[in-house]
Amino acid sequence: MLRLASYDIVFQEIPGEVTLALNISGCPNRCPGCHSPHLWENIGEALDETMIQYLLDTYGNAVTCVCFMGGDADPQEVGRLAGYIKSISSGSLRTGWYSGKAALPAGYSVENFDYIKLGPYIERLGGLDSPGTNQRLYKVNQRDMVNITLSFGRIGKSGSELS
């Protein structure tokens, strides 16, 4: 079971989207330098269809995307809930997942997502907006994943975009 520790409407995590970010606790990754170590603990309320419906009834008109921030302890449940969001919004809401894993689980279906971030946080490399980051943000086009990390507008010293 996923647990919702907190949520917020954010503007930077998914470029071009007004995102309802769902901060999921029980993170198994425990990345050194993590900006949210409180999410390592299993805290918060159960994140299920009832909670999602409440959040969408409250904020649905204000957002274009719902993003699961974490959930690596139960990736199948993250995918299932993303599918639920797609079904109740008739596909009008986009869905994303910020995973701290370097890769998706073997055979994992991405069909319920529009965006997926992969990669553990490595403090010396920085986050998605850092030129040296190991993390990648992908846009899911049908079943293909296209790297859109450059959407964060990083420009190198030479003036060229960095990958």
(request) Subtracting the Cα-Cα distance from 0.36 nm times the residue separation, let me have the gained length for D57 to S92 in nm, one decimal. (result) 11.2 nm
(request) Just read off the accessible area of F113 with the full protein assembly in place, 1.4 Å probe, to the nearest 10 Å². (result) 10 Å²
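Antiparallel as a % of all DSSP beta bridges within the chain, to the nearest 5?
For the chain, the DSSP antiparallel bridge percentage is about 55.
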(message) From the helices alone, meaning DSSP H stretches of at least four residues, give me the mean residue ellipticity at 222 nm for the chain, per-run term -39500 (n - 2.57), in deg cm²/dmol to the nearest 500.
(response) -5000 deg cm²/dmol
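Taking segment 29-163, how many lysine pairs are there with alpha carbons less than 20 Å apart, if each pair must be eight or more places apart or span two chains? Don't jump to the answer; show the numbers that get you there.
Working: K86/K117; K86/K139; K101/K117; K101/K139; K117/K139.
Lysine pair count for segment 29-163: 5.
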(request) Express the relative contact order of segment 14-72 as a whole percentage, based on alpha carbon pairs under 8 Å and six or more residues apart in sequence. (result) 58 percent
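Hey, with R₀ at 30 Å, roughly what FRET efficiency would E111 and W40 work out to, going by the Cβ-Cβ distance, to 0.05? Please list the in-between numbers first.
On the way: r = 29 Å, r/R0 = 0.98.
Working from the Cβ atoms, E equals 0.55.
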(request) On the full set of protein chains, 1.4 Å probe, figure out the accessible area of W97 and give it in Å² to the nearest 10. (result) 0 Å²
(message) For T50, what accessible surface area do you get with a 1.4 Å probe? Give it in Å², rounded to 10.
(response) 100 Å²
(request) Can you tell me the 0 to 90 degree angle between the C-alpha axis of helix 75-88 and the longest principal axis of the chain, rounded to 10? (result) 70 degrees
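Keeping every protein chain in place, order K139, K86 by accessible area at 1.4 Å, biggest value first, i.e. largest first. Display every interim value, and only then the final one.
Working: K139 60, K86 40 Å².
Ranked list, largest accessible area first: K139, K86.
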(request) Give the ranking of S151, S90 by solvent-accessible surface, highest area first, calculated with a 1.4 Å probe. (result) S90, S151
(message) For Cα pairs less than 8 Å apart in space and 6+ apart in sequence, what is the mean separation divided by the residue count of the chain, i.e. the relative contact order in percent?
(response) 18 percent
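Leaving out ligands and nucleic acids, note down the accessible area per residue over the chain with a 1.4 angstrom probe, in whole Å².
Values: 8420 Å² over 163 residues.
For the chain, the per-residue accessible area is 52 Å².
Add +1 for every Lys or Arg and -1 for every Asp or Glu among the other residues with Cβ under 12 Å from the Cβ of L39, and state the total.
Values: positive: R3, R30; negative: E41, D72.
For residues surrounding L39, the net value is 0.
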(request) For C65, list long-range residues whose amide hydrogen, built 1.01 Å from N in the peptide plane, is under 5 Å from its own amide hydrogen. (result) V18, L20, R94
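Keeping every protein chain in place, order Y59, Y108 by accessible area at 1.4 Å, biggest value first, i.e. largest first.
Most to least solvent-accessible, the answer reads Y59, Y108.
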(request) Lys and Arg at +1, Asp and Glu at -1: add these up for the other residues within a Cβ distance under 12 Å of S92 and post the number. (result) +1
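The values are calculated or read from the model by the stated rules, or taken from the named source; none is laboratory data. Every value quoted in this text rests on a predicted model; they were computed, and no experiment measured them. Note that each Cβ is placed from the backbone with ideal geometry, even for glycine, and that neighbours are counted across all protein chains shown. Side chains are part of the model used for accessible areas, which takes the heavy atoms of the whole protein and leaves out ligands, DNA and RNA. Shrake-Rupley method; radii C 1.70, N 1.55, O 1.52, S 1.80 Å.
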